[in-house]
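To start, the structure itself, in structure tokens.
The values are calculated or read from the model by the stated rules, or taken from the named source; none is laboratory data. Treat the numbers as computed from the prediction; the structure is a model and nothing was measured. Here Cβ is always computed from backbone atoms with ideal geometry, including for glycine, and neighbour counts include all displayed protein chains. Each accessible area value is taken on the protein alone, full model and side chains, heavy atoms only, with ligands, DNA and RNA left out. Shrake-Rupley method; radii C 1.70, N 1.55, O 1.52, S 1.80 Å.
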Amino acid sequence: MSILEKDLKQNTEPKAKDNLLEVKNLKTYYPIKGGFFRRTVGYVKAVDDVSFEIKKGETLGLVGESGCGKSTTGRTILRLLNATSGQIIFDGQDITNIRGKALREARKDFQMVFQDPYASLNPMQMVGDVIAEPLKNFGKHNPKELKAEVMDLLQRVGLPEDAYYKYAHEFSGGQRQRIGIARSLALKPKLIIADEPVSALDVSVQSQVLNLLKELQQEFDLTYLFIAHNLSVVKHMSDRIGVMYLGNIVEIADKSSIYDEPLHPYTQALISAIPEPDPKRKKERIVLTGDLPSPANPPTGCPFHTRCPVARPECSEVKPQLKEVKPGHKVACVLYD
Ligand SMILES: Nc1ncnc2c1ncn2[C@@H]1O[C@H](COP(=O)(O)OP(=O)(O)OP(=O)(O)O)[C@@H](O)[C@H]1O
Ligand SMILES: [Mg+2]
């Protein structure tokens with residue numbers, strides 16, 4: 001067990017019944033422009049049929065290799081990108097196409113924590129102002145109240161009071177991420193989408209930031225969509241895990257099912273690639289051949305069939321739908337039809 005895993009061992013299990021977020025058949029395509037008139041000549045199908053729910057207080061981890069559409073999914077849910085089709089239902093409200101005032105109101109309730117805390121913080125602003133900005137945007141202007149709230153947030157994310165008067169560049173990566181987290185908490189959101197929040201940080205501080213996110217989840221009743229490459233990070237943060245491949249969710253289940261009995265051949269390959277710390281427990285590594293196809297020109301049928309070690313002829317023809325094969329365990333693969 002790595003230090004990171006040990007540090008994160010004391011996991012909590014916040015659970016409630018109802019869904020805070022429901023994503024139904026979400027598609028987000030980026031147009032490809034070409035030719036003299038810059039006409040749309042095709043689409044990058046970055047998100048090509050994604051459905052899942054997140055219950056209140058729960059953490060859903062989203063994993064998959066680079067370019068599979070994790071960030072695009074997150075950004076579409078937060079309405080930073082427009083969905084091509086599908087539905088996003090947040091706290092009972094369909095927010096897929098809301099605009100103007102309704103969108104502004106809804107935005108209070110969902111926030112993003114970004115991968116690179118440096119790029120996402122304005123270097124010209126004092127940290128106190130960086131954190132106060134969302135509050136000001138939503139009509140809080142009393143300087144005394146603002147300052148008190150920012151001080152409270154600084155303390156909750158483990159930063160000293162004098163951080164208020166400093167600038168982002170004066171802090172280390174881990175502390176900068178704490179500033180980003182404080183800012184995202186300012187409006188007391190219900191959902192936080194954390195897009196690789198620790199991948200830019202040293203391993204030594206990763207677990208501190210992850211533990212902070214866990215603590216804040218309890219304290220502020222937060223629901224997380226947690227995006228990451230690193231399978232051990234997702235494992236320790238998540239209650240359930242969704243595995244993405246080429247714009248699709250290929251498997252989704254609670255974390256123990258994903259790690260202990262992965263059903264989809266792609267999930268099995270991902271899990272087999274995690275180093276086994278115990279040399280006595282040998283496991284076979286499944287090496288995937290071939291490159292990840294381009295989402296601008298995805299294969300017909302099952303998106304994974306071109307690299308699947310157990311593909312059958314029909315896999316190139318029919319796209320398998322995500323189906324519940326055991327309670328709470330869904331997989332999109334012909335093997336389980
Ligand atoms: N603005 C854009 N215009 C066109 N294509 C884009 C744009 N942003 C992303 N893409 C493409 O969409 C696909 C999905 O990208 P996305 O960033 O969502 O993947 P990701 O899973 O977050 O990857 P990573 O793990 O590298 O962050 C990729 O093929 C990417 O090249
Ligand atoms: Mg990304």
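Computed values, structure above
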{"item": "Whole-number accessible area per residue in Å² for the chain, which is evaluated in the context of all protein chains at 1.4 Å", "result": "49"}
{"item": "Inter-label distance, nm, simple model (7 Å from Cα along the C-beta direction), Thr40/Asp254", "result": "4.2"}
{"item": "Percent of beta bridges antiparallel (DSSP, the chain, rounded to nearest 5)", "result": "65"}
{"item": "Candidates Val157, Val205, Val233: whichever shows maximal mean-square fluctuation once the chain is modelled as a Gaussian network with Cα springs under 10 Å", "result": "Val205"}
{"item": "Farthest toward positive dipole pole in the chain [+1 Lys/Arg, -1 Asp/Glu at C-beta], among Leu62, Val310, Gly100", "result": "Gly100"}
{"item": "Shape of the range 121-251, Cα gyration tensor, a/c cut at 1.5", "result": "prolate"}
{"item": "Carbon/sulfur fraction of accessible area - the chain, other protein chains in place, 1.4 Å, %", "result": "50"}
{"item": "Helical mean residue ellipticity (222 nm; -39500 (n - 2.57) per DSSP H run of 4+; nearest 500) of the chain", "result": "-8500 deg cm²/dmol"}
{"item": "Shape parameters for the chain, alpha-carbon atoms, Rg then Dmax in Å", "result": "20.9, 68"}
{"item": "Alpha-carbon centroid distance for the pair the range 110-186 / the range 209-253, whole angstrom", "result": "23"}
{"item": "Solvent exposure ordering (accessible area, 1.4 Å, most first) of Lys283, Lys101", "result": "Lys101, Lys283"}
{"item": "Residue-count net charge about Lys166 - beta-carbon cut-off 14 Å; Lys, Arg +1, Asp, Glu -1", "result": "-2"}
{"item": "Most to least packed among 88-99, 34-45, 124-135 [average Cβ atoms within 10 Å]", "result": "124-135, 88-99, 34-45"}
{"item": "Solvent-accessible area of Asp116 with every protein chain in place, 1.4 Å probe, in Å² to the nearest 10", "result": "70"}
{"item": "Listed residues Asp195, Asp221 arranged by accessible area, highest first, probe 1.4 Å", "result": "Asp221, Asp195"}
{"item": "Nonlocal amide H pairs with Met112, under 5 Å, H built at 1.01 Å", "result": "Ile193"}
